[in-house]
1. For segment 1-72, what is the charge dipole size about the Cα centre, in debye to the nearest 20, if Lys and Arg each add +1 at the Cβ and Asp and Glu each add -1 at the Cβ?
2. If I take the Cα coordinates of the chain and project them onto the principal axes, what are the three extents in Å, biggest first?
3. Rounded, prolate or oblate: which one fits segment 50-102, using the alpha carbon gyration tensor with axes a ≥ b ≥ c (rounded when a/c is under 1.5, else prolate when a/b beats b/c, else oblate)?
4. Taking springs between alpha-carbon atoms closer than 10 angstrom, which of LEU41, LEU21, LEU70 fluctuates most in the Gaussian network model of the chain?
5. What FRET efficiency would be calculated for the residue pair ALA96, ALA15, taking the C-beta separation as r and a Förster radius of 25 Å, to the nearest 0.05?
6. Using the Cβ atoms and a cut-off under 14 Å, what net charge is assigned to the surroundings of ALA15, where Lys and Arg are +1 and Asp and Glu are -1?
7. What accessible surface, in Å², does a 1.4 Å probe find on LYS37, ignoring ligands, DNA and RNA and rounding to the nearest 10?
8. Assuming 0.36 nm per residue, please report the length gained on full extension of the stretch ASP49 to VAL75 beyond their Cα-Cα distance.
Amino acid sequence: MAEPLKIVEGRALTAQQKKDLLNRLARVEGQLRGVQKLIALADAPSDCDAVAQQMAAARKALDRSFVQLLTASIVTHTGNAADPEEAKAAAAHLAALLDKFA
């Protein structure tokens, strides 16, 4: 088993936010391993249904991770802003990320 990642302190996300995201991504990673196994073991045409279902579940879980990242970022970046203008700039930057990647 891989060594756990060291969580560094910083201003991007809190340690708890990072831990929560890493836990969620570890679950997605497990789902993807399960999909790989399903593909390797697929025998009957109906097995493709199970693969598709699990792929969709993994995709949705990854999408939820993305939303969790942006939500945590909004809370952290605007909460740590020195003044309303900095908070406004942080919110605008995160809105641009949402527009670009969502």
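1. On the way: 11 positive and 8 negative charges, 74 e Å.
The dipole magnitude comes to about 360 debye.
2. The Cα atoms of the chain stretch 61, 33, 14 Å along the principal axes, largest first.
3. Values: a/c = 8.22, a/b = 3.02, b/c = 2.72.
Since a/c reaches 1.5 and a/b is larger than b/c, the shape of segment 50-102 is classed as prolate.
4. Highest fluctuation among the options: LEU41.
5. Values: r = 26 Å, r/R0 = 1.04.
Working from the Cβ atoms, E equals 0.45.
6. On the way: positive: LYS6, ARG11, LYS18, LYS19; negative: GLU9, ASP20.
Local net charge: +2.
7. Its accessible surface works out to 140 Å², give or take rounding.
8. Values: separation 26, 0.36 × 26 = 9.36 nm, distance 3.91 nm.
Length gained between ASP49 and VAL75: 5.5 nm.
The values are calculated or read from the model by the stated rules, or taken from the named source; none is laboratory data. Values in this document were obtained by computation on a predicted structure and should not be read as measured data. For neighbour counting, all protein chains shown are included, and Cβ atoms are generated from backbone atoms with ideal geometry for every residue, glycine included. Protein only, heavy atoms only, side chains kept; ligands, DNA and RNA dropped before computing areas. Shrake-Rupley method; radii C 1.70, N 1.55, O 1.52, S 1.80 Å.
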